[in-house]
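The values are calculated or read from the model by the stated rules, or taken from the named source; none is laboratory data. Keep in mind the model is a prediction, meaning the values are calculated, not measured. All Cβ positions, even for glycine, are placed from backbone atoms using ideal geometry, and neighbour counts span all protein chains on display. Quick note on the areas: whole protein, heavy atoms, side chains included, nothing else; ligands and nucleic acids left out. Shrake-Rupley method; radii C 1.70, N 1.55, O 1.52, S 1.80 Å.
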Amino acid sequence: MRRFIDRASRYVVLLAASISFLILFAIAFFIIARGLPAIQEIGLVEFVTGTVWRPGQGQYGILPMIVGSVAATFGSLILAIPMGLGCAILLAEIAGRRARRFLRPVVELLVGIPSVVYGLVGMVLLVPLVRNLGGNGYSVLAASIVLMAMILPTITSISEDAIRAVPRAYREASLAMGATQWQTIRHVLLPAARSGIGASIVLGMGRAVGETMAMIMVIGNSIKFPTSPLDSARTLTGNIALEINYASGLHEDALFATGIILLVFIIILNTISFFALRRSRAQNIA
Amino acid sequence: MKLIEVTNRDNGPASNATKIKVRGLNLYYGVFQALRDINLDIIEKSITAIIGPSGCGKSSFLRVFNRMNDLIPSAKTEGMIELDGESIYARGCDVVELRKRVGMVFQKPNPFPMSVFDNVAFGPRRHGNHNKSELEEIVERSLIRAALWDETKDKLHQSALSLSGGQQQRLCIARVLAVQPEVILMDEPCSALDPIATMKIEDLMRNLAQEYTIVIVTHNMQQAARVSDRTAFFFMSEDRAGILVEEGPTTEIFTNPKDKRTEDYVTGRFG
Amino acid sequence: MPRISPKTSERLAKILLWGAGFLTVLILAAIVIYVLVNGVSEINWEFLTTPPIGGLSGEGGISTIIVTTVYLILITIFILTPVGIGAAIYLSEYAQDNILTNFIRYAVETLAGVPSIIYGLFGYALFVSALYLGHSLIAGALTLVCLLLPTMIRTTEEALRAVPQEYREASLALGATRWQTIWHVALPAALPGIATAIILSTGRVIEETACLYVTLGGSAAMPRSILSGGRTLALHVYYLAMDTMAFDKAMATAAVLIIIIVIINLFTNWLSQRFRSAYTAMEEGRP
């Protein structure tokens, strides 16, 4: 009996594992199966470089959305990299125990705040402020600022881990030579932790590209090329969410095709960060 | 009674001037007392070896001289430690300046993951020297002084991590020399090395002792006997605090120790 | 260019670093305080216990929304936990370290980074359309299971791996089978970690919007079965802000959300601290 349970349990957990992996493939399968025919029908080049998205007239170009996603992501990175890296250094090297005890839960809580709450506060608080600069306030700039707060924790916590993982010996050697603490951070710790820091930025980028609801709420969603940070735009994610519930036929498939493009972005970013993190771990063992 | 052979040297300490003077030193980690009432003079341009059983506070003692214990928040130092007659724990003392004057070589070779050149140039650069030709000169001089130039002159721009363990340790010594310190602290510098690499480092130490004041912690009594001019024997008191039992010329300590505990230790009865 | 002295740059750098930390605290404080100040005044017993008036009216409370959210949490966790723990046990206790396992690990890691809306698309294609479940609680829950599975597997696997190998060896040496060892030794030791994973998943169900927006529908009515559609708190905030422009009610609902999230965070912190102190006690207990 004991032996039977032992044997059976093995297959039960194997089943659970298989279900999980099946889901992984199912996701890729369903999205590709629905989206690929649309790309074939529209033509990949036309789809990716087309500048007009008018499903009613059979025009499916997602370049404005690609530009919108890239612009919002890029803007958020410009803001979040110095902030996040600064917090990471502060937490790993400078702050005392008390300050750390306070700051770390703050960063954790930023992860936990729902995306719609970011969107809501963005709409009510940030958009009117941006409106003072010009435009109607629903803009790439507002989106970048909201995204910055959302990806800040990713960059902070992964970079902090990377800095912390730099062997003590490097730190001591540098300080023992009369380097100041900042010189040690700048010239020894940051270079040694660069793979991990790079991974944190790429992961943050992935989060920014994938964010949906908060973007819909503050970026304005108009399908056009943003020419300034104060312009409104639409993201790839927003395009899917806004239209899927009423789309049908080729229009619906074109949204799945938008998903493929998004997925390609994400897989590239994740692969980079996966290998960067692995490299950073290997470095610190050596 | 068989005692360890002490190398006879004609060129003993060049002078008898005191470089570092320690009086009434107590070191605490939180409530734990690591060192109790240490009094010791480190003689200029000589090698002082610190020996004793493990856990008796040898390394902690060494880290008093360049204030590396400051990195441990709970560490507290009491007493007088003077470098050239100036207290290094005084309020006005600049730790960064102190560490330029008092260099340190660690137990495990710890070159930075950079090129050989950048490792040696690290200190001078941090202290404001960015002149390329000057740096080249400093790097060459330091590597020659550390007896590493011949082996590395063709791979200055390769990663320091590609060097062998013994070469890495000599690189760390070169890196310290590039800062032009007055005192060099060595914390069991050969414990991670093979006998041949150890021998090279020991030769190097003898050589450096003509210009620098060297303090070395070692668990290897033969090494202390081979290289040092003076030896200090540390021991653990009953409450595990480290104490200095006896200090004197190396020959004395190994052939004619005054204290029973020293005698037991150097003859290998325990430790 | 005159070089700044090391002392000055040290001081400058520290000011900037503390500035970054301070700004982060300020951002969080601004969001939390703004939402609470503007939302809490709306929250009262009536708000929590009356259903919202549907359509484009922003009036009414959130009772049906709370019920939907709780149902969705229960269904999701009920499916997620056995599958996730099972897969984690397989990975940490049975799987050999080979290319396949490495690939699986990479896949799990990648899926953890796939955006919610992609899961939404998948759930829409499979559960809503292909399986004819429509926009419903079960479609939403199954989509969430897919979304949360990678994190659940990873966290549980880490908790299992943190259990010292000596425990397993001791158990096996006493003649226990592999499964008995897992069930009676490894799993109990990893329980706090697994509990944290479940609570974090609960938090994610509460926070999630994008994937539910396309699978759960937007009905504000009381759900009658797992085939009814509905709105979670987070979705309700979205509808109130975007469709109805009822910002006061949106703030109040957001305040409820923030309060729940803060409680969950405090709870997981407490749990992981206990977990950690239990471990250090164990480590110190050893000679």
Mind listing whichever residues of region B:138-194 are assigned to a loop (DSSP other than H, G, I, E, B) and of a type in the set (Gly, Ala, Ser)? B:146, B:147, B:164, B:178, B:191, B:192
Enumeration of residues in region A:153-169 that are buried (at least 20 other Cβ atoms within 10 Å of the Cβ) and at the interface with chain B (Cβ under 10 Å from one of its Cβ atoms): A:166
Give me the residue from region A:199-230 that is more than 22 Å from residue A:259 (Cβ to Cβ) and hydroxyl-bearing (Ser, Thr, Tyr) and, out of that set, least open to solvent (accessible area, probe 1.4 Å). A:200
Keeping to region C:95-107, report how many residues are β-branched (Val, Ile, Thr) and facing chain A (nearest Cβ under 7 Å). 1
Counting only residues that are touching a Phe, Trp or Tyr at 6+ places or on another chain (Cβ under 9 Å) and part of a loop (DSSP other than H, G, I, E, B), which one in region B:49-72 is nearest to residue B:183 (Cα to Cα)? B:67
On the given criteria, is residue C:55 at pLDDT 80 or above and not polar (S, T, N, Q)? no
Scan (1) at pLDDT 90 or above; (2) out of contact with any strand residue (DSSP E or B) (no Cβ under 8 Å at 6 or more places or on another chain) for the single condition residue B:192 breaks and write down its number. (1)
Flag if residue C:114 is among the hydrophobic types (A, V, I, L, M, F, W, C), within 20 Å of residue A:257 (Cβ to Cβ) and open to solvent by less than 20 Å² (accessible area, probe 1.4 Å): yes
Can you tell me which of (1) part of a helix (DSSP H, G or I); (2) in contact (Cβ under 8 Å) with a residue 12 or more places away in the chain; (3) in contact with a helix residue (DSSP H, G or I) (Cβ under 8 Å, 6 or more places away or on another chain); (4) crowded, with 20+ Cβ neighbours inside 10 Å is the one residue C:267 doesn't meet? (4)
Is it true that residue C:15 is free of Cβ contacts under 8 Å to residues at least 12 places away in the same chain, more than 30 Å from the chain's Cα centre (by Cα) and either more than 10 Å from every other protein chain (Cβ to nearest Cβ) or in a loop (DSSP other than H, G, I, E, B) (or both)? yes
Please go through region C:37-69 and pick out each residue that is of a type in the set (A, V, I, L, M, F, W, C) and surrounded by 14 or more Cβ atoms within 10 Å (Cβ to Cβ). C:40, C:43, C:47, C:48, C:62, C:65, C:66, C:67
Give me the residue from region B:98-119 that is facing chain A (nearest Cβ under 8 Å) and touching a Gly at 6+ places or on another chain (Cβ under 7 Å) and, out of that set, most open to solvent (accessible area, probe 1.4 Å). B:100
Single unsatisfied condition, residue A:77 versus (1) touching a residue at least 40 places away in the same chain (Cβ under 8 Å); (2) more than 14 Å from every other protein chain (Cβ to nearest Cβ); (3) over 28 Å from residue A:196 (Cα atoms): (3)
The one condition in (1) more than 14 Å from chain A (Cβ to nearest Cβ); (2) touching a helix residue (DSSP H, G or I) at 6+ places or on another chain (Cβ under 8 Å); (3) more than 30 Å from residue C:179 (Cβ to Cβ) that residue C:70 fails to fulfil: (2)
Only one of (1) under 30 Å from the mean Cα position of the chain (by Cα); (2) surrounded by 15 or more Cβ atoms within 10 Å (Cβ to Cβ); (3) within 14 Å of another protein chain (Cβ to nearest Cβ) does not apply to residue C:30, and that is (2)
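Listed here are the residues, each with its yes/no results for (1) aliphatic (A, V, I, L, M); (2) on the phi > 0 side of the Ramachandran plot; (3) in contact (Cβ under 8 Å) with a residue 24 or more places away in the chain.
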{"site": "A:133", "(1), (2), (3)": "yes, no, yes"}
{"site": "A:150", "(1), (2), (3)": "yes, no, yes"}
{"site": "A:164", "(1), (2), (3)": "no, no, yes"}
{"site": "A:175", "(1), (2), (3)": "yes, no, no"}
{"site": "A:179", "(1), (2), (3)": "yes, no, no"}
For residue B:133, state whether it is open to solvent by less than 10 Å² (accessible area, probe 1.4 Å) and either assigned to a helix (DSSP H, G or I) or more than 11 Å from chain A (Cβ to nearest Cβ) (or both). no
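Condition check ((1) touching a helix residue (DSSP H, G or I) at 6+ places or on another chain (Cβ under 6 Å); (2) within 12 Å of another protein chain (Cβ to nearest Cβ)) across all residues:
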site: B:176; (1), (2): no, yes
site: B:181; (1), (2): yes, yes
site: B:195; (1), (2): no, no
site: B:199; (1), (2): no, no
site: B:202; (1), (2): yes, no
site: B:216; (1), (2): no, no
site: B:224; (1), (2): no, no
Residues that are under 23 Å from residue B:63 (Cα atoms) and in contact (Cβ under 8 Å) with a residue 60 or more places away in the chain: list the helices (runs of 4 or more DSSP H) wholly contained in region B:213-271 that include at least 2 such residues. B:221-227
Regarding region A:126-148, can at least one residue be identified that is open to solvent by 10 Å² or more (accessible area, probe 1.4 Å) and either farther than 17 Å from residue A:229 by Cβ or within 14 Å of chain B (Cβ to nearest Cβ) (or both)? no
Restricting attention to region A:83-105, report how many residues are surrounded by fewer than 19 Cβ atoms within 10 Å (Cβ to Cβ) and within 7 Å of chain C (Cβ to nearest Cβ). 2
List, please: which pairs have Cβ atoms under 7 Å, are six or more places apart or on different chains, and start with a residue in region A:186-198 that is farther than 19 Å from residue B:110 by Cβ and open to solvent by less than 20 Å² (accessible area, probe 1.4 Å) and end with one that is modelled with pLDDT under 95 and basic (Lys, Arg)? A:195/A:279
Counting only residues that are without any contact (Cβ under 8 Å) to a residue 60 or more places away in the chain and either hydroxyl-bearing (Ser, Thr, Tyr) or surrounded by fewer than 20 Cβ atoms within 10 Å (Cβ to Cβ) (or both), which one in region A:231-251 is farthest from the other protein chains (Cβ to nearest Cβ)? A:249
Residue A:44 vs (1) at the interface with chain C (Cβ under 8 Å from one of its Cβ atoms); (2) surrounded by fewer than 16 Cβ atoms within 10 Å (Cβ to Cβ); (3) under 27 Å from the mean Cα position of the chain (by Cα): all pass except (1)
Restricting region C:202-222 to residues that are in a loop (DSSP other than H, G, I, E, B) and at the interface with chain A (Cβ under 7 Å from one of its Cβ atoms), which is farthest from the chain's Cα centre (by Cα)? C:214
Filtering helices (runs of 4 or more DSSP H) wholly in region C:108-201 for at least 3 residues that are more than 11 Å from chain A (Cβ to nearest Cβ) and not charged (D, E, K, R) gives C:137-161, C:165-173
